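The block underneath contains the structure these notes are about, expressed in C-alpha cells.
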Amino acid sequence: MIQYFTQESPPFGNISWTMLVVWAVALGFGLYLLRSYRDSNAARLRFAQQAGLILSVLSGLGLLLLVFKFFQIPVLDWRLWSYLVALASLGYWGYAVYEYNTKLPAQIAATRSTRAVPGGASRGGAKVYSSTGVAAPRPPREPRPIATTTRRDARRDKKRKGR
C-alpha cells in the first residue's frame, strides 16, 4: 500500500482536472467568506471567516499539489499528498456542517438575547420605579378615544398648533 501512494502518479487526467475545478471553486468561496462576506450577527460572521480561512488554505494547498503533478515534480506529486489534502478537505466540510447545525444556532441565540432591541426600551414612555429602585410593571394605558374629527381636520389642527 505504501508503494501505491509513493509511486509516480498517472498523468494529469480527468480526475485531476475535476479536482482542479473543485479546489478552484472552493478557493474562490473561501476567499469570498474571508474577505467579502458581511453579517450583522457576530457569531455567524466569525464562523464564516474561520471557514473561509480554512477552505482557502486547504484548497490552495490542493491546487499547489496539482501544479506539482502537472509539472511532474517527483516527490511532491505523490498520490499520498493529494489524498491527504482531499481527506482533510472532506473532514473539514463535515466538521463545518456539524458546527453550523449544532453549535452555531446556540451561539446566535446567545448573542441575540444580550443584544438590545432598538426602540424596545423607549416604547411606552418613562419607566416607573418602585420605592426600592427596581422597575415596577407599568399599568395598562387607557384606550384611545374614538375620533370625532376627520383626519384632514386633525392634520390641519396639528399644523395650526405648530405655528
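Values quoted throughout were computed directly from the atomic coordinates according to the rules given, and no laboratory measurement underlies them. Since the model is a prediction, treat every value here as computed from it, not as a measurement. In this analysis, Cβ positions are derived from the backbone assuming ideal geometry, glycine residues included, and neighbour counts consider all displayed protein chains.
Between Ser16 and Gln50, what is the label-to-label distance in nm when each label sits 7 Å out along the Cα-to-Cβ direction?
So the two model labels end up 3.6 nm from each other.
Which value in nm describes the separation of the simple spin-label points at Phe29 and Tyr92, placed 7 Å from the Cα toward the beta carbon?
1.2
Work out the FRET efficiency for Arg160 and Arg138 from their Cβ-Cβ distance, taking R0 = 35 Å, and round it to the nearest 0.05.
Details: r = 33 Å, r/R0 = 0.93.
With R0 = 35 Å, the Cβ-Cβ based efficiency is 0.60.
What does the convex hull of the alpha-carbon atoms of the range 2-114 project to on average, in nm²?
Working: hull surface 31.7 nm².
Result: 7.9 nm².
Order these peptides, 61-72, 29-40, by their mean beta-carbon neighbour count within 10 angstrom, highest first. Please report the intermediate quantities before stating the final value.
Details: 61-72: 17.2, 29-40: 13.7.
Order by mean packing, descending: 61-72, 29-40.
Around Gln107, under 11 Å between beta carbons, what's the net of Lys plus Arg minus Asp minus Glu among the other residues?
Details: positive: Arg44, Arg46, Lys103, Arg112; negative: Glu99.
Once positives and negatives cancel, what remains is +3.
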